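Notes to accompany the following structure.
Every number here is computed from the coordinates shown, using simple stated rules; none is lab data. Given the structure is predicted, the values throughout are model-derived calculations rather than measurements. Because the Cβ atoms are built from the backbone with ideal geometry, glycine has one as well, and the counts that use them run over all protein chains shown.
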Amino acid sequence: MGGTLLKNSLRKKVGQASKYLILPAIILSFASCKEKDVDDGYIWKELKVTATAYNSFPSQTSSIHPGITAWGDSLYPGMKIIAVSKDLIPLGLDYNTAVKIKGDTSIYLVKDKMHSKWKNRIDIYMGEDKEKAMQWGRKKITLLYRVKKDSLEIK
């Protein structure tokens, strides 16, 4: 009986010690994992543009369908959408392209096109918040946009 008591006591101490050894080992294993670059076939290109803001009001978009983009998507407040000047489309800023604005953690999607009079410009959708759009104003910004690697090849 004394041997069983000793074994149970030893088991309990080993169990407690393993808690203190296993947890740090797990934490260290996660800490030592380096983020691996995943080659998903895309790269982020950088471009300097002029950025303005717009709302889904008839005076700023379409008097018939102010909440519909030039590509036919419906706009709703809170969406992270940008419109691009048509000269940027051949550069890779085409429909549904993912876009980041330096200094902003959000990812936007290209869902709208601007009038052909505008060049090297994007328009950030601000829903129906006219004050927010006015505060944004017009800025020179750097954006990053996602393109397929093979789309850079000259054919």
Residues other than Gly72 with Cβ under 14 Å of its Cβ, Lys/Arg counted +1 and Asp/Glu -1, net out at 0
Kirkwood Rh (inverse of mean 1/r, distinct Cα pairs), region 42-148, angstrom = 13.7 Å
